[in-house]
Amino acid sequence: MSKLGMIALALVMVVAGCGEDTTKSEANTAPVTVSETAPEAAKTPESANLKEINVSVADPENAIVIELKDGNVVIELAPDLAPNHVARIKELARDGFYDGIVFHRVIDGFMAQTGDPTGTGTSGSGKNLDAEFTDAPFERGTIGMARSSDPNSADSQFFINFAPAPHLNGQYTVLGKVVSGMEFVDMIKKGSGGGGTVTDPDKMISMKVLADIQ
């Protein structure tokens, strides 16, 4: 069996165990989530390391910075592709929603998923968003919105691709792309097995809109 085949089989088993039916989904190897309201995770104070960011982006208002244990990751958002998702992610970031949230699902060679305040992969902020699918490809460093089998179920969870994932193209909303610090994304602790569940996972120390910290 090919590596993609093994991943697909493992992920179907994981999703089934969570009670979410994705058997009719066109991409069973894709990141999934069930969105429901949950308590926020404990917040982490902003680090002085964010003051050291010196990356040129087209529009700091449409860029976010994720502080990881190994360094800062700068992401240029794509309001031209997904205006509603970009606006919601910035709103949550400014509320401090993402600070301290873990990468609960990390599959080596595929993606790292985060954005669930419970760290279980079954929750979110409590506000679903309608799909904004485009023909933008999922490449290394692409940020995509996780969802369940319902195309209009994306909430706060998102994922960062370690490598190209063309089977996701047109099936998930593209939020943006990493423009600096991808080497730090590569250092995120990986999960075990095809499902990518992580024991003692790494976290986002903080996530801020770049314009707010420059």
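Summary table
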| quantity | calculated |
| --- | --- |
| Residue count for region 50-85, restricted to those that are of a type outside the set (D, E), under 19 Å from P117 (Cα atoms) and touching a strand residue (DSSP E or B) at 6+ places or on another chain (Cβ under 6 Å) | 4 |
| Filtered residue count, region 78-99, keeping only those that are in contact (Cβ under 8 Å) with a residue 40 or more places away in the chain, aliphatic (A, V, I, L, M) and out of contact with any Lys or Arg (no Cβ under 8 Å at 6 or more places or on another chain) | 5 |
| Filter result for A41 (at pLDDT below 95, surrounded by fewer than 23 Cβ atoms within 10 Å (Cβ to Cβ), more than 12 Å from L175 (Cβ to Cβ) and of a type in the set (A, V, I, L, M, F, W, C)) | yes |
| Hits in region 184-193 (condition: surrounded by fewer than 19 Cβ atoms within 10 Å (Cβ to Cβ), part of a loop (DSSP other than H, G, I, E, B) and not hydrophobic (A, V, I, L, M, F, W, C)) | D186, K189, K190, G193 |
| Residue among K203, K190 that alone is among the basic types (K, R) and over 14 Å from the mean Cα position of the chain (by Cα) | K190 |
| Selected residue [outside any loop (DSSP other than H, G, I, E, B), at pLDDT 95 or above and among the acidic types (D, E)] from E91, E139, E132 | E91 |
| Leading residue by the ranking (nearest to D150 (Cα to Cα)) among those in region 194-211 that are assigned to a loop (DSSP other than H, G, I, E, B) and among the small types (G, A, S) | G195 |
| Residue count for region 174-196, restricted to those that are within 22 Å of T120 (Cβ to Cβ) and modelled with pLDDT of 95 or more | 7 |
| Residue match in region 165-179 (condition: under 18 Å from E67 (Cα atoms), outside any strand (DSSP E or B) and not charged (D, E, K, R)) | no |
| D202, sole failed condition from (1) surrounded by fewer than 17 Cβ atoms within 10 Å (Cβ to Cβ); (2) touching a residue at least 24 places away in the same chain (Cβ under 8 Å) | (1) |
| Yes/no for V57 being assigned to a loop (DSSP other than H, G, I, E, B), in contact with an Asp or Glu (Cβ under 6 Å, 6 or more places away or on another chain), at pLDDT below 95 and closer than 17 Å to D155 by Cβ | no |
| Candidate set: region 146-183, residues that are polar (S, T, N, Q) and either buried (at least 20 other Cβ atoms within 10 Å of the Cβ) or touching a strand residue (DSSP E or B) at 6+ places or on another chain (Cβ under 6 Å) (or both); chosen: the one farthest from D59 (Cα to Cα) | S148 |
| Considering residues of region 60-88 that are in a helix (DSSP H, G or I) and of a type outside the set (S, T, N, Q) only, the residue nearest to D130 (Cα to Cα) | H85 |
| Single residue of region 126-138 satisfying the filter (loosely packed, with under 15 Cβ neighbours inside 10 Å and charged (D, E, K, R)) that is nearest to S156 (Cα to Cα) | K127 |
| Count of residues meeting criterion [closer than 16 Å to S192 by Cβ and either free of Cβ contacts under 8 Å to residues at least 40 places away in the same chain or not in a loop (DSSP other than H, G, I, E, B) (or both)] in region 100-119 | 7 |
| Sole residue being touching a Pro at 6+ places or on another chain (Cβ under 7 Å), of a type outside the set (F, W, Y) and within 22 Å of D80 (Cβ to Cβ), chosen from P166, P151, P117 | P166 |
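The values are calculated or read from the model by the stated rules, or taken from the named source; none is laboratory data. Just so it is clear, the structure is predicted and the values come from calculations on it, not from any experiment. Cβ: placed from backbone, ideal geometry, glycine included. Neighbour counts: every protein chain shown.
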